[in-house]
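As structure tokens, the structure follows; a few thoughts come after it.
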Amino acid sequence: MSRPLPIFVDTGGLYAGFDEDDVNHDAADAVFDGMEAGEYGPVFTSRYVLSEFATLMLYQIGQPAAVDALTTVRESQTFNILPVGKQTFDTACEEFERYDDQQISFVDHMSAVLAREHEIEHMFAFESDFRTLGFERIPVEQG
């Protein structure tokens, strides 16, 4: 039996799982089902991702849904929510500055730095920014 795959969950993966109208909802549901089935693990995210996620939920769906979603993730036994120390923050700032030819969000740079620090190679995300930063995406890209 193979070892479960450690993953870092990005804002887009979380959002797609909680917004039934999102174009990636079914794919996100499959990944969340895989988490529950033990296909992935450990599962990480960060306080920065949760901040971005709660704000996106607030603007797109509303405050009650944002609070419910944030509470669900925070109380979940599945998620390891990583804090960000000064060195990690400084490294993310340096990366953000270095990638001046890209429009990759600061939070995505922070996630990439945290993932590298925890030796995570796979991101649960739907945008291509993480491939640019050297990660494999889950769900597996089609085409």
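The values are calculated or read from the model by the stated rules, or taken from the named source; none is laboratory data. Predicted model, so just to flag it, every value in this text is computed and none were measured. Virtual Cβ from ideal backbone geometry, glycine too; neighbours counted across all protein chains shown. Only protein heavy atoms, including side chains, enter the accessible area calculation; ligands, DNA and RNA are left aside. Shrake-Rupley method; radii C 1.70, N 1.55, O 1.52, S 1.80 Å.
What the table shows:
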item: Pairs where the first residue, in segment 52-70, is closer than 26 Å to Asn80 by Cβ and polar (S, T, N, Q) and the second is open to solvent by less than 50 Å² (accessible area, probe 1.4 Å) and not in a helix (DSSP H, G or I), C-beta under 8 Å, 6+ apart; result: Gln60/Asp19
item: Residues satisfying the stated conditions in segment 67-86, i.e. assigned to a loop (DSSP other than H, G, I, E, B), closer than 18 Å to Met35 by Cβ and open to solvent by less than 60 Å² (accessible area, probe 1.4 Å); result: Ser76, Thr78
item: Residues satisfying the stated conditions in segment 17-26, i.e. among the hydrophobic types (A, V, I, L, M, F, W, C) and buried (at least 21 other Cβ atoms within 10 Å of the Cβ); result: Phe18
item: Pairs where the first residue, in segment 115-141, is assigned to a helix (DSSP H, G or I) and the second is open to solvent by 30 Å² or more (accessible area, probe 1.4 Å), C-beta under 6 Å, 6+ apart; result: Phe130/Arg137
item: Among residues of segment 118-143, those that are touching a helix residue (DSSP H, G or I) at 6+ places or on another chain (Cβ under 9 Å) and open to solvent by 90 Å² or more (accessible area, probe 1.4 Å), counted; result: 2
item: One residue from Val31, Val23 being free of Cβ contacts under 8 Å to residues at least 40 places away in the same chain, more than 23 Å from Pro83 (Cβ to Cβ) and β-branched (Val, Ile, Thr); result: Val23
item: Residue match in segment 66-83 (condition: touching a strand residue (DSSP E or B) at 6+ places or on another chain (Cβ under 6 Å), among the small types (Gly, Ala, Ser) and at pLDDT 95 or above); result: no
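Yes or no, residue by residue, for (1) in a helix (DSSP H, G or I); (2) closer than 22 Å to Arg131 by Cβ; (3) modelled with pLDDT of 95 or more; (4) open to solvent by less than 40 Å² (accessible area, probe 1.4 Å):
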| site | (1), (2), (3), (4) |
| --- | --- |
| Arg3 | no, no, no, no |
| Phe8 | no, yes, yes, yes |
| Tyr15 | yes, yes, yes, yes |
| Ala28 | yes, yes, yes, yes |
| Phe32 | yes, yes, no, yes |
| Met35 | yes, yes, no, yes |
| Thr45 | no, yes, yes, yes |
| Val49 | yes, yes, yes, yes |
